[in-house]
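Comments concern the structure below.
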Amino acid sequence: MKLFWPVSIAVAATVFAAGDVHAQSSRDQIRISGSSTVYPFSTVVAESLGKLGKFKSPVVESVGTGGGFKLFCSGVGPAYPDISNASRPITASEREACAKNGVGAFTEVKFGFDGISVGQSTKAQAFELSRKVLFLAVAAQVPVNGKLAPNPYRTWADIDPTLPRIEIEIYGPSPVHGTRDAFNELVMDKGCEALPEIKALPKDQMKKVCNTFREDGVWTDVSEDYSLIVNKLANRTTTVGVFTFSYIDQNKDKVRGLKIDGVEPTFDNIAGGLYPISRPLFFYVKNAHLGLVPGVREFVTEFLSDKALGEDGYLIAKGLIPLPETQLKALRAEMAAKLK
């Protein structure tokens, strides 16, 4: 958990004062936006908070990590979200946007982990992939005869003859999703590093090659909730999708995750750090809204509670990979002191 002060103390004081003014016309319902990966976890916490009867169930919107930060950093007051869900840490440019728009201190809460899965229909022929093969399937330019050229690969067997001779068709997160950022870092960049022709390029050129996706219909961006990808895969035996482990875990009757670099995406493999495409999950709380919108403190407390994040917690049942127990205890203590 990190506390950020992207503006001066004087400006921050003004923000808190503004919060007191706005409190007279405050919303009576928490507003949360951001990551599609965090969305199902945040939604079930919101429902649990609403069932307690003291507060209305928070409104949770799935707009992607980048879209969530854009809304979160737009200002302070009832017109702006109280909490931003994220599948990556906030960037320097996003912190600058917060500062520019008068958003003072905000609290970063890292609450667990998720794995990025490459899934397929349970009816499809199972096969395994590596990050190198995934890069060669997705990138706009790849090495051909020692030189970069437009991606010529149409089937998986074109890349590796041991793979099925079926057309490469991938549904995956659009750039608005934090999952896309993580896919770039954990798959595309790592795949690049395995290719000497690309690794030899200047760093700025290498980064562009590594993170530029082909636009010839092989990769299809999905901006909506990842359940759309699950539904696409359920009826297509030749298509694969890039989404998150929680959606695999909650839809085992429809989809399964492929092994990546020989490791299956499972709860234990992600929690143990064995699965190569995993990342932490966050939510960010606007400190000025703690006294502005009723229930913000209680939402955070509920999210970190034992009934949500404990060994048999309802978030674990939804596929969340929890923090190690020592880290979770420290986070709870820190937040309890902060939310007094």
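The values are calculated or read from the model by the stated rules, or taken from the named source; none is laboratory data. If you're wondering where the values come from, they're calculated on a predicted model, not measured in any experiment. For neighbour counting, all protein chains shown are included, and Cβ atoms are generated from backbone atoms with ideal geometry for every residue, glycine included. These area figures cover heavy atoms from the full protein model, side chains too; ligands, DNA and RNA do not enter into them. Shrake-Rupley method; radii C 1.70, N 1.55, O 1.52, S 1.80 Å.
Per-structure values
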{"read-out": "FRET efficiency, 1/(1 + (r/R0)^6) with R0 25 Å, evaluated for Ser93 and Lys147 via beta carbons", "value": "0.15"}
{"read-out": "Residue-by-residue Karplus 3J(HN,Hα) for the stretch 36-41, coefficients 6.51, -1.76, 1.60, Hz, glycine and proline x", "value": "5, 5, 7, 3, x, 6"}
{"read-out": "Mean separation of Cα contacts under 8 Å (6+ apart) over length of the chain, as relative contact order %", "value": "27"}
{"read-out": "Value at 222 nm in deg cm²/dmol, rounded to 500, when DSSP H runs of n ≥ 4 in the chain each add -39,500 (n - 2.57)", "value": "-10000 deg cm²/dmol"}
{"read-out": "Cα Rg, Dmax (largest Cα-Cα span) when computed across the stretch 219-262, Å", "value": "10.3, 30"}
{"read-out": "Thr220 long-range amide H proximity, modeled H, under 5 Å", "value": "Ile170, Tyr171, Gly172"}
{"read-out": "GNM result for the chain, Cα springs below 10 Å: residue of Val209, Val230, Val76 fluctuating most strongly", "value": "Val209"}
{"read-out": "More than 18 angstrom apart: percent of Cα pairs within the stretch 72-207", "value": "66"}
{"read-out": "Radius of gyration, Dmax [the stretch 113-177; alpha carbons; angstrom]", "value": "13.2, 40"}
{"read-out": "Principal axis dimensions, the stretch 188-242 - Cα atoms, whole angstrom, descending", "value": "42, 21, 20"}
{"read-out": "Relative contact order of the stretch 69-226, pairs being alpha-carbon contacts under 8 Å that are 6 or more residues apart, as %", "value": "23"}
{"read-out": "Heavy-atom accessible surface of the stretch 250-340: percent carbon and sulfur, 1.4 Å", "value": "51"}
{"read-out": "Largest to smallest accessible area among Glu264, Glu311, Glu108 [probe 1.4 Å]", "value": "Glu311, Glu264, Glu108"}
{"read-out": "Probe 1.4 Å - accessible area at Glu167, Å² to nearest ten", "value": "130"}
{"read-out": "Nonlocal Lys pairs with alpha-carbon distance under 26 Å, the stretch 189-249 (8 or more apart, or different chains)", "value": "6"}
{"read-out": "In sequence order, calculated HN-Hα J values of the stretch 164-176 (Karplus, 6.51, -1.76, 1.60; Hz; x Gly/Pro)", "value": "x, 8, 10, 4, 6, 9, 10, 9, x, x, 6, x, 6"}
{"read-out": "Computed FRET value (nearest 0.05) for Val59 with Asn231, which takes r as the C-beta separation and R₀ as 25 Å", "value": "0.55"}
{"read-out": "Lys, Arg +1 and Asp, Glu -1 on Cβ, resulting dipole of the chain about Cα centre, debye, nearest 20", "value": "340"}
{"read-out": "Percent of Cα pairs exceeding the 24 Å cut-off, where the set is the chain", "value": "57"}
{"read-out": "Label-to-label distance, nm, for residues given as Lys203 and Ala317 (7 Å Cα→Cβ offset)", "value": "4.8"}
{"read-out": "Positive minus negative residues near Ala194 (Lys, Arg vs Asp, Glu; Cβ under 9 Å)", "value": "+3"}
{"read-out": "Calculated FRET value between Arg165 and Asp306, using beta carbons and R₀ = 51 Å, to 0.05", "value": "0.50"}
{"read-out": "Computed accessible area, Thr212, all protein chains, 1.4 angstrom probe, square angstrom", "value": "60"}
{"read-out": "Area projected by the alpha carbon convex hull of the stretch 37-132, averaged over all directions, nm²", "value": "9.5"}
{"read-out": "Long-range tail of P(r) for the stretch 140-282 (Cα pairs > 20 Å, %)", "value": "53"}
{"read-out": "5 angstrom amide H check on Ile321, placed H, neighbours 5+ away", "value": "Phe113"}
{"read-out": "Positive dipole terminus of the chain, leading residue within Ala337, Pro40, Thr162 (C-beta point charges)", "value": "Ala337"}
{"read-out": "Computed over the stretch 224-335, the ratio Rg/Rh where both radii use C-alpha atoms and Rh is Kirkwood", "value": "1.04"}
{"read-out": "Within the chain, percent of DSSP bridges classed antiparallel, to nearest 5", "value": "70"}
